[in-house]
Every structure is written in C-alpha cells, then in structure tokens.
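Engineer: Before I ask anything, let me first share the structure, which is written out below as structure tokens.
Nothing in this text is a laboratory measurement; each read-out follows from the coordinates by a stated rule. Nothing here was measured: the structure is a model prediction, and the numbers come from that model. No Cβ is skipped: glycine too gets one built from the backbone with ideal geometry, and neighbour counts run over all protein chains shown.
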Amino acid sequence: MKAYKKYLWCVLVLWQSTALSVEFDSSITATSQWAIDTNKVDSQSLSLRIVPEMNIDFENDWQLKSKVRLRAEVIDGMQINDLDRDGFSDYSKPVQLNDGVEFELRELYLQGGIGNTFLTLGKQQIVWGKADGLKVLDIVNPQSFREFILDDFDSSRIPLWTMNIERTVADWDLQFLWIPDQSYHALPKQDATYAFTSPELVPTAPEGMGVNIEHAKRPNNIILDSDVGLRAATFWKGWDITFNYLYQYNNLAVLRQNLSMESGKPAVTITPEYERTHVIGGTFSNAFSDWVVRGEVGYFTDHYFIRKNSLQKQGVVKSPELHYVLGLDWNAPWDILVSGQLIQSWVINDADKTTRDKLDTTLTGLVRRNFMYDTLVAEVLLIANTNNGDGIIRPKISYEWQDNFKTWVGADVFYGDKEGVFGQFDRNDRVVIGVELSF
Amino acid sequence: MKTRQKMKVLMMILLPVIVSNVISAELPSGDSIAKNINARNEGIAVSRNLTMQMTDRHGKERVRETRVFRKYFGDEKRTAIFYLKPKNIKDTGFLTYDYADKETDDDQWLYLPAMRKVRRISASDRGDYFLGTDLSYEDIKLETRVSLKDYTRKTIGEDVVDGVHCYVVEETPINNDIAEELGHSRRESCVDDTIWMTRRSKFWDLQNKPLKTTHFKNISEVQGIWTVHTINVENHKTGHHTVFTFSDVNYNDGVKDNVFTQNALKRGL
C-alpha cells in the first residue's frame, strides 16, 4: 500500500500542476485480448488493460507526461501474480490491488529544453537499437517476460526512473543517461504459463536433488549501483550511425548454485544475483533504392552463462559476449514489406562449458502488407533459432473499424525442441483475439 | 479539278496544321512552366497546421490533425510532419530530406510511437499512399512544386479552373521504372499562369486508366507568398477521397533547425 500512496501522490501533484498549465491533453485506451490455448482448447488468458494518459504543456515549451496502467486478468489461466516481482525496485514495482488486478505507473516525466540541451526527467522508456522482434542494444530498460516475448515491447518494457540529457554538438546528437532505478527483468514464476524451463535460461537440478531458490541479492545503493549510458548519433553521407555505451547491471540475474542439505538430503540452493557489465556497441542504417539495410552490435564484457556441470564454480561461466543483428528490409511490389534479420551471439570464453553453443544463430522473417488505406494490416513474423531448430510463427490480421476502434486476430505457434528458448513453449500455442478502444 | 478548287482543298488541309502550330508556338513549353512553378517564392521556412479528412466510398470518415514544418537548407528541402490527433496515430512523425542533386535519393524517416523507434524508410516508396491518405509520399514531399527530373512535359492546351486561366501540361514519367515508382503513367496539370501554381492535376494509372484528381483550392497570399489552403484529392479507382486543409500558416517566424532531426521526431511536439 506504501507504493500505492506514492502513485496517488504523483497523480495529485499532476492534477495540481494543471493549474499552472497552458494546455492539457488526456486520453484513455482500453485493450482486451483473449488467448485460447490450442493444445488444451481452453482459455490461456483474458486480459483487460486500461491506460489513461495525461499531458500538460507549459508556457515555456516544457511538458509533463504521465501514463498509468490498470491491468486485470479476468478468468482462470494466466494471472497477475504469475510474475516474480523480485526484479522490480520499490520505486517501479506495480501495485497488486488484488489477485486479478494490478496498477502501474508507466510514465511520469518532465521534458523540455534549456538552450541547446534537452532534458527528460522521470520514469520513462529509452529505446536503443535497430532490431525488430528481438533485442541486442534495446537493453536500457528491463522487460517483463510474463508472456515471454509475445507482448508488445512497448507494453512489456519496464520503464525506469531516469535522467536523460540530450545535446547537439556540431553534427552529433549526444545522450547521457543516469538511471538510479534498480529494476531488472521480471520473470514468470516456476508454475506460470510462460515459466522458463530451457537449460539455456535456467539451471537443471541434478537428478534426485531438491532445489531451493532464494530471494535475489539486489544492488541497493542508489548512487553507486546506478546505471550510466552514453550515446552519440550522427547522420553521415546517408548513414544513420550511433555509438553506444552502457554501464549497467545485467537485467538477468546470475543464478549461482550451491550444494546444501535439506532434511538430511542434498539439495541445490540457487541464489539469483545481479552483476555489472560494460556494453559497448553501435547501430547503422541506410536506404538504397527499394532496400533498407540496418544493423546493431553489442559487446558485453561480463555475461554469465549456465554451466553444464552445475556443481562446479557455482554453476556459472563468466564470459564476454558479442551479439549483433544484420537486417534487410525490402519494399517489394504491391506495397509489401519483406524484412529479414540475422541475429548472432558469440560466447567468447569457455563456451564448451556452457549449456548453449558458442555461436547461437537466430533468423527472423517478416512479411507485411497494408490494405484499404492502412486500415487493414496483414503480417506474418517468423523467428527461427538454427541451433536448436526451434522458433515461433506469428500471423496476425488487424483492422481499424474507426480511428478509435481496432480489432485483431492472430496466432502464436511455437515449434521445436523443448530445450530451446522457443521450443520450451511448444505446448503454449495459442490463437488471440483482441479489441482496442481509445478516447 | 480547277486550280482554284485545288487551292481550296489544300488550304482546308493545311489550315488546321498552320493554326495549331501558331497556337502551340504561343503556348509556353512544359519545361518552362515547370521551371516557373519551382521558381515561385515558397519562403525559406514555413509552419502550419494540416488537417487530413479521409473518407472512403462507404462514407466512413477519419480525421488526422498534424503540425507541418518545411525549411530550405540551401538547395536542400527538409519537411517534418508531426501527428497530434487522433490517439491511435498521435506522436507519429515523418521526416524527409529532399536533395537538389538529381542522382541522390531522398532520405526519409518515420517514427512510430508503438515501436518508439525512428525507422529509415526507402525513398522508392514515394508512389505509395502517405499514411492512409490519397496523396503519395512524393506528393507530400513536393507540396506545390514539381519534379523536373522524373517527367517529360508538353503543353497541350489551355483551360479554366475555378474561374482562373491555366495552361494544361501533360507530364509523362521518363521511363517505366519511374512510372512504377510514382504509381502513375501520366499526369495532366492545369497551371495558373499568373501565379505559376497548379490548380488541378489528373493522374492516370499504369494501365492508363483514370487514377485520381487533385484540386488545389482556396489559394491566397499569406505574408506575401501564394499559399494553398485546401487540397481535395479524389481517387477514381477506390472512391476514397482526402481533403487537406492548411491553417495557421506562418512564413515569418522561421523554424528551428533542430525540428528536422530524428530526435525531434522521437520527442514530438
């Protein structure tokens, strides 16, 4: 309830400040989606989201923007408390109003310029990178994996309290980020619909041993444990180029394993712990006739992977990781967009000791066409991991009946080895039907 | 046949040819008209509100409210469009750099708020319809100017549109590739010869069937610059039409350079 009072206070301040404003703008978006599990022929989830937004424009070109989200799961299946909340800081944790309803402050920031410097201060999302569907440099904000990667990134990204300063110097746009908010990825609980089971993501207990999972050891110094980011962007001879640097705690906790005794029997105790990494990277894009080429690369100095032998070195392997994306978009005839991406990740050291391959390759393909003056959109997205032979196929058709009324129908079809990152959800195939209304 | 009769027949044959040559000699060439259009003062920079009212053949109506900025940086023209309403498209932004060099493709970016990313888009999309309207990306970029490099032109007559005399210029894309990029095989424009502004354009599709008609209306001077306030576009193939209405047009106050950046697209207005 403490956090709830904080939100209430924020909203009151917001309303109070409207008295000083020159322009006030508000809207509400209500979204409902029903997911039907095609294997069980039963509801996987029926969710309702209500997102009010309020923006205030002040006389001096400064703006205060705010967005909250009320989310409800209204039938059996996926539930609000499916998510482990250890990843959230106290300042960003959604408030669970009851078993089926949660309330979350999604945005609250002040934005404006002082001379040539532009400030965005408050809870916000920072999006880096050029990749679609998967992430390499889009890691400034952590993500909720409540629905794995099926939810829109805008909705699953966890906004952070951030000081975002941007300044243009000659031909360069410079960005400095200071993020004191220690929130990390939010993962599903062990018994949740989209709980991770792939050995690449979670350790497997030796046969016959029990498992204890402790609460995560979290960084707690608001200054010393804050994240810092820098980005320099320029437009050079037709190329959009950025150089990125981030000093952050990995959004995914390191799962350290230790042997212990439980009622006289050996057990594995898993202690999630957050560790620092430097991230050095960059992005590029350019257009050539019908083609757009884009890419991004990130080098992570300290990533932790799950060790094959969980009893050695606390069951982890520490190694740098090189992760990159090369994407090609083709504007094909009949207004069809065809897009493909090659995404590869290299474990630099001791890859043979980890539960994954040294080189992991994922391919994505997207075909999209807009019809009827952009009111009808049909698309199919394929994400395929070539190492495990698993992936997901996501066809979707959406139609805008009115500007404020949209419906869609789609499917999320997983396939492949259950030890793969996608194949682990092979039994979660679903058809979705959704409706969105805004005012 | 007597000599006098022969002369009469000859005159009947030659007279139309002679008259038509005399008329065409009096008409300015298509290229000179195009140059006059592009020489018209547009101001260095302009800001204005643009409302797009789109109606399909069943009468379903959608309305977008935007703020549009345009500025010349030497010979390079930059245009930025920020969507303000309705909610489903609010904060979408479009930015284009149009280079004077014929060999250099334009650079274009689109910001989609759902992705929170500025996406590079191919300039070869220029014949596609711009975000659900009946104007193409190319039309949006050029506004009231014309592309000198994409068409061959000839003046084929005179007409009157909205009570104003104009020359009728036939424009044909220079080759099939350009025609496919632009999405039409022919255009016929009525150009007001007093202010060198197009009053009406008719387009034919790649099969040479009527495609759309663009009608430029409510043309008046704003701060000494001739300005279109309404563009009515009717698509003959789909029955869809779009009315573009410009208001709050301002050439005098200038536009900051940083409006035409990817950062500005992301931040919105």
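Engineer: For the protein assembly as shown, just the Cα atoms, rotate onto the principal axes and tell me the three extents in Å, largest first.
Structural biologist: The principal-axis extents, from largest down, are 133, 60, 48 Å.
Engineer: Give me the Kirkwood hydrodynamic radius of the stretch A:189-311 in Å, from all C-alpha pairs, to one decimal place?
Structural biologist: It works out to 17.9 Å.
Engineer: Can you pull the Kirkwood radius for the stretch A:24-137, inverse mean 1/r over Cα pairs, to one decimal in Å?
Structural biologist: 16.9 Å
Engineer: A:S398: net charge of surrounding residues, Cβ under 13 Å, Lys/Arg +1, Asp/Glu -1, itself excluded?
Structural biologist: That works out to 0.
Engineer: Quick one: among A:I158, A:I306, A:I28, which has the greatest mean-square fluctuation in a GNM of chain A with alpha-carbon springs under 10 angstrom?
Structural biologist: A:I28
Engineer: For the stretch A:157-226, state what percent of all Cα-Cα pairs lands in each successive 5 Å bin, counting from 0 Å until the bin that includes the largest distance.
Structural biologist: 3, 11, 13, 16, 13, 12, 11, 8, 6, 4, 2, 1, 0
Engineer: Taking a label point 7 Å from the Cα of A:M209 along the Cα→Cβ vector, which residues of the stretch A:260-282 have an amide N closer than 14 Å to it?
Structural biologist: So the set is A:260-262, A:265-271.
Engineer: So, one more: Considering the dipole of the stretch B:120-269 built from charges on the beta carbon (Lys and Arg +1, Asp and Glu -1) around the Cα centre, which of B:F203, B:T144, B:Y129 is farthest to its positive end?
Structural biologist: The one lying farthest along the dipole's positive direction is B:Y129.
Engineer: May I pose another question? Binned at 10 Å from 0, what are the whole-percent values of the Cα-Cα distance distribution for the stretch B:30-94, short to long?
Structural biologist: 18, 32, 29, 19, 2
Engineer: Hey, fewest Cβ within 10 Å first, where do A:V140, A:V254, A:V68, A:V409 land in order? Intermediate results must be reported in sequence, preceding the final value.
Structural biologist: On the way: A:V140 25, A:V254 21, A:V68 18, A:V409 13.
Ranking A:V140, A:V254, A:V68, A:V409 by Cβ neighbours within 10 Å, fewest first, gives A:V409, A:V68, A:V254, A:V140.
Engineer: Also, I was wondering about something else. Filter B:K85/B:K266; A:K65/B:K77; B:K141/B:K237 down to the pairs with a C-alpha to C-alpha distance above 26 Å, please. Let's see the in-between values first.
Structural biologist: Details: B:K85/B:K266 16 Å; A:K65/B:K77 32 Å; B:K141/B:K237 23 Å.
Checking Cα-Cα distances, A:K65/B:K77 exceed 26 Å.
Engineer: Between helix B:3-26 and chain B, what is the angle of the helix's C-alpha long axis to the longest principal axis, kept within 0 to 90° and rounded to the nearest 10?
Structural biologist: Helix B:3-26 sits roughly 20 degrees off the main axis of chain B.
Engineer: Rule-of-thumb check for the stretch B:33-192: C-alpha Rg over 2.2 N^0.38 Å?
Structural biologist: 1.12
Engineer: Give the value in nm², to one decimal: projected area of the alpha carbon convex hull of the stretch A:303-384, averaged over all directions.
Structural biologist: Hull-based average projected area comes out at 6.9 nm².
Engineer: Follow-up. Regarding the stretch B:203-265, what whole-number volume in Å³ per residue does the convex hull of its Cα atoms give?
Structural biologist: Values: hull volume 9.1 nm³, N = 63.
Looking at the stretch B:203-265, the number lands at 144 Å³ per residue.
Engineer: Give the whole-number value, in cubic angstrom per residue, of the convex hull volume spanned by the C-alpha atoms of the stretch B:131-269.
Structural biologist: Dividing the Cα hull volume of the stretch B:131-269 by its residues yields 142 Å³.
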